[in-house]
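None of the figures in this text is laboratory data; all of them are computed from the coordinates on show. Since the model is a prediction, treat every value here as computed from it, not as a measurement. As a convention, Cβ positions derive from the backbone with ideal geometry for all residues, glycine included, and neighbour counts pool all protein chains shown.
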Amino acid sequence: MPSILHLDASARRSRSISRTLSQTFIDTWLAARPDDQVIRRDLAIDPPPHVTEEWIAAAFTPTEQRDMAMRDRLSWSDAAIDELSAADILVFGTPMYNYGMPSALKAWFDQVVRVGRTFSFDLSRGDWPLEPVLSGKRLVVLSARGEFGFAAEGLRGGWNHLDPHIATCARYLGVAQDAIETVAVEYQEFGDERHARSRDLAATQVKELAISLAAAFSQ
Ligand SMILES: Cc1cc2nc3c(=O)[nH]c(=O)nc-3n(C[C@H](O)[C@H](O)[C@H](O)COP(=O)(O)O)c2cc1C
């Protein structure tokens, strides 16, 4: 039975478009597969701590040599990595902030992409010493933006540092590049009919995506 990690990164607890998209995905999935487990991680309710010098020292100390303070420092990270490891599908609801990830989502990545847990490091691999530990997961990125034209060929394609950044780091979540799906709502700041159309289209796309991925897991 697949498990889904449902993660939201919007600071807005109400009226959030990305939260609406991620909830639509989960509701649609559960309508098709009600017994699947959903693991919830809300970064607005429980913001990830920033990485500190002490955190880095703890992460690079071998497990058996960590003292109590080091284990404490890594406890948020350990819990988040356990959730990630247990999930087959990752569903991220995230806004675009300053053309990239919200800092809460970046802090989550910094907590979960960790030596010895989600990647191994070996200089004998030459120019590519980092290798992911996890594999075989799917990632669904459901995002919202105030402006528009962030598709690769769009007006602001070169300003989209959200999707490419997530896609690059997804490797260390155990997600291959061809296992990433994205749906985005644009024009939020314009609040006009283009925004309404974008929202309607995204809602339809998210439902279709959830139905097709849930069906693939049922085969
Ligand atoms: C701090 C902050 C930074 C933002 N930066 C951008 C941006 O760089 N580009 C953009 O198109 N919209 C930007 N927006 C608009 C949000 O992406 C938009 O309001 C979106 O709907 C937020 O997602 P949510 O509805 O899930 O909260 C920003 C909003 C905030 C609060």
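Ranked by the mean number of other Cβ atoms within 10 Å of their residues, highest first, the peptides 210-219, 39-48, 24-33, 122-131 come out as 24-33, 39-48, 210-219, 122-131. If you wrap the range 3-218 in the convex hull of its Cα atoms and look at it from every side, the mean projected area works out to 13.5 nm². Take every Cα pair under 8 Å whose residues are at least 6 apart in sequence, average their separation, divide by the length of the chain, and the relative contact order is 24 percent. In the chain, the DSSP-assigned H stretches of four residues or longer account for a calculated mean residue ellipticity at 222 nm of -12000 deg cm²/dmol, using -39500 (n - 2.57) per stretch and the full residue count as denominator. The three principal axes of the C-alpha atoms in the range 103-208 carry coordinate ranges of 55, 28, 25 Å, sorted with the longest axis first. Taking 0.36 nm per residue of separation and subtracting the current Cα-Cα distance, fully stretching the chain between GLU54 and ARG71 would add 5.0 nm.
Protection proxy ranking of 85-98, 63-76, by the mean of other Cβ atoms within 10 Å over each peptide's residues and highest first, is 85-98, 63-76. Here each label is just a point 7 Å from Cα along the line to Cβ, and for SER124 and SER3 those points are 3.2 nm apart. The Cα center of the range 3-44 and the Cα center of the range 147-219 differ in position by 15 Å.
Taking only the C-alpha atoms of the range 1-53, the Rg (one decimal) and the largest Cα-Cα distance, Dmax (whole number), read 13.3, 45 Å.
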